[in-house]
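One structure is given below, encoded as structure tokens.
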Amino acid sequence: MIRRQRFPALDGLRAIGALAVLTTHVGFQSGESLNGPFAGLLARLDVGVAIFFAISGFLLYRPHVVAWFEESEPPRLLPYLRNRALRIVPALWVAVVLAAVLVPHDQTVGFLNYLRHATFTQIYVERPSVPGLSQLWSLATEVAFYLLLPFIAKLLTSYERPTRRGVRWRLAVLFAFGLIGPAWMAAINATDHSLAGLWLPGYLGWFAVGMGMALWQVARTSGRLGPSPVDTLTKIPGTVWGVAIALFLIATTPIAGPYGLSVPTPAQAFVKCLLYTGIAACALFPAISPTRRTAGVLGGRIGHVAGDLSYSVFVYHLIVLDLVERLFDQKLFSGHFAVLFWPTLVATIGVAAASYYGMERPIMRRGRRDRSYDVSGTGLDSNANAQPNKIDDWTKPEVRPAPPSGQG
């Protein structure tokens with residue numbers, strides 16, 4: 001039986017992703033990501049979204065892989081959807097209300113625009129951007145992945161028992177998924193359908209990175225895959241993260257397109273999406289088979305708390321940024337990155353902590369009927385079954401032990 005396992009280093013990785021997204025938005029609002037001395041670095045920190053998507057792919061697909069290997073039931077659909085809603089909807093709805101009340105907007109932004117953001121449908125309709133909520137396009141894209149995942153998982157795990165050949169074939173399929181996103185983004189920019197650039201196909205490769213690593217990790221743990229050069233990479237996390245940094249530095253050049261909102265060429269869109277796929281892969285891999293030092297740094301107490309708050313930081317930070325801009329009388333693109341960054345970071349962490357501990361976690365515990373539930377759980381469960389332990393990124397599937405093979 002495959003032991004239930006916690007991945008503590010993912011806590012810190014989620015926090016890094018949230019910090020990257022917050023930083024890139026402060027860089028844009030200040031104008032420093034457009035023409036400042038560190039424009040390329042600040043502009044490309046939106047790669048945090050790719051890291052988030054890869055973590056989701058890993059943690060959400062892994063229970064399906066475990067169930068496949070153990071010939072047990074996969075996560076049940078209704079509890080899975082319930083848990084996703086419990087995790088992401090409460091903070092989202094509060095953020096939508098706060099944006100409507102606290103962030104100034106013109107007459108073109110009406111009630112329906114806020115309603116679309118509250119229902120994850122804003123990326124499918126051409127409408128004005130809603131101040132304070134523009135980052136939520138990625139949440140709408142992620143929800144599309146949540147809905148699609150059970151069907152993808154069924155296609156990949158329901159036709160044969162997990163053999164070494166079957167595992168390798170599925171790894172090849174998931175690798176091919178990684179090329180869908182770059183091809184989609186290139187096609188969108190070639191045909192000038194910008195709205196479709198926010199849809200799931202453009203980012204499927206980022207999720208597939210995590211899904212492939214989930215399959216590899218379970219197959220390697222169970223012995224379906226033998227030792228390979230890939231195992232060596234788990235022992236040298238610094239080198240793997242060094243590759244991620246190198247890819248990131250390449251992405252900061254014009255080869256990945258403009259830093260602002262200008263439309264990239266199809267080739268630039270392809271390269272940027274492909275580079276972000278590679279960065280997400282290199283960022284995630286050392287965290288799923290961490291060394292003791294990696295687990296200690298990313299999965300320690302600070303990383304644990306930061307991982308808990310990462311979703312709330314993501315949801316609220318643009319609202320806080322707008323308030324900070326008005327408090328310090330800062331105009332759009334007027335510079336003063338540090339003046340905006342530190343107050344925004346500190347205030348956002350405070351708001352996120354109040355939201356998570358005062359609202360989100362109590363709602364999740366009540367909805368799951370589990371008084372001890374925490375997004376980033378602690379410790380390992382020695383009971384071996386198909387259930388993941390009580391940890392995940394912003395999402396956690398529920399898996400029940402299956403009846404004996406041949407029943408139900």
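Data overview
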| item | result |
| --- | --- |
| Residue under evaluation residue 293, criteria (1) open to solvent by 30 Å² or more (accessible area, probe 1.4 Å); (2) modelled with pLDDT of 95 or more, criterion not met | (2) |
| Selection from the range 227-270 of residues that are polar (S, T, N, Q) and either more than 22 Å from the chain's Cα centre (by Cα) or open to solvent by 50 Å² or more (accessible area, probe 1.4 Å) (or both) | 228, 232, 239, 253, 262, 265, 268 |
| Any chance residue 198 is open to solvent by 40 Å² or more (accessible area, probe 1.4 Å), of a type outside the set (Ser, Thr, Tyr), within 19 Å of residue 255 (Cα to Cα) and out of contact with any strand residue (DSSP E or B) (no Cβ under 6 Å at 6 or more places or on another chain) | no |
| From the options 340, 321, 332, 345, residue that is under 14 Å from residue 26 (Cβ atoms), modelled with pLDDT under 95 and of a type outside the set (Ser, Thr, Tyr) | 332 |
| The range 348-360: number of residues that are open to solvent by 40 Å² or more (accessible area, probe 1.4 Å) and either in contact (Cβ under 8 Å) with a residue 24 or more places away in the chain or of a type in the set (Phe, Trp, Tyr) (or both) | 4 |
| Residue count, the range 104-123 (criterion: more than 21 Å from the chain's Cα centre (by Cα) and either more than 18 Å from residue 85 (Cβ to Cβ) or modelled with pLDDT under 95 (or both)) | 11 |
| Residues within the range 1-39 that are closer than 24 Å to residue 323 by Cβ, part of a loop (DSSP other than H, G, I, E, B) and among the aliphatic types (A, V, I, L, M), tallied | 0 |
| Residues (hydroxyl-bearing (Ser, Thr, Tyr) and at pLDDT 90 or above) located in the range 190-220 | 191, 203 |
| The range 40-68: number of residues that are β-branched (Val, Ile, Thr) and farther than 28 Å from residue 161 by Cα | 3 |
| Failed criterion for residue 183 (all others in (1) open to solvent by 30 Å² or more (accessible area, probe 1.4 Å); (2) in contact (Cβ under 8 Å) with a residue 40 or more places away in the chain; (3) not in a helix (DSSP H, G or I); (4) not polar (S, T, N, Q) hold) | (3) |
| Unique match (being closer than 18 Å to residue 102 by Cα, out of contact with any helix residue (DSSP H, G or I) (no Cβ under 7 Å at 6 or more places or on another chain) and either at pLDDT 95 or above or basic (Lys, Arg) (or both)) among 400, 326, 301 | 326 |
| Count - residues of the range 166-196 that are out of contact with any Ser or Thr (no Cβ under 8 Å at 6 or more places or on another chain) and more than 15 Å from residue 216 (Cβ to Cβ) | 15 |
| Residues (open to solvent by 20 Å² or more (accessible area, probe 1.4 Å) and among the β-branched types (Val, Ile, Thr)) located in the range 314-347 | 339, 346 |
| Only listed residue being farther than 29 Å from residue 38 by Cα and of a type in the set (Gly, Ala, Ser), chosen from 246, 196, 186 | 196 |
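The values are calculated or read from the model by the stated rules, or taken from the named source; none is laboratory data. Note that the structure is predicted; figures quoted are calculated from it, not measured. Using ideal geometry, Cβ is built from the backbone for each residue, glycine included, and neighbour counts are taken over all protein chains shown. For accessibility, only protein heavy atoms count, side chains too; no ligands or nucleic acids. Shrake-Rupley method; radii C 1.70, N 1.55, O 1.52, S 1.80 Å.
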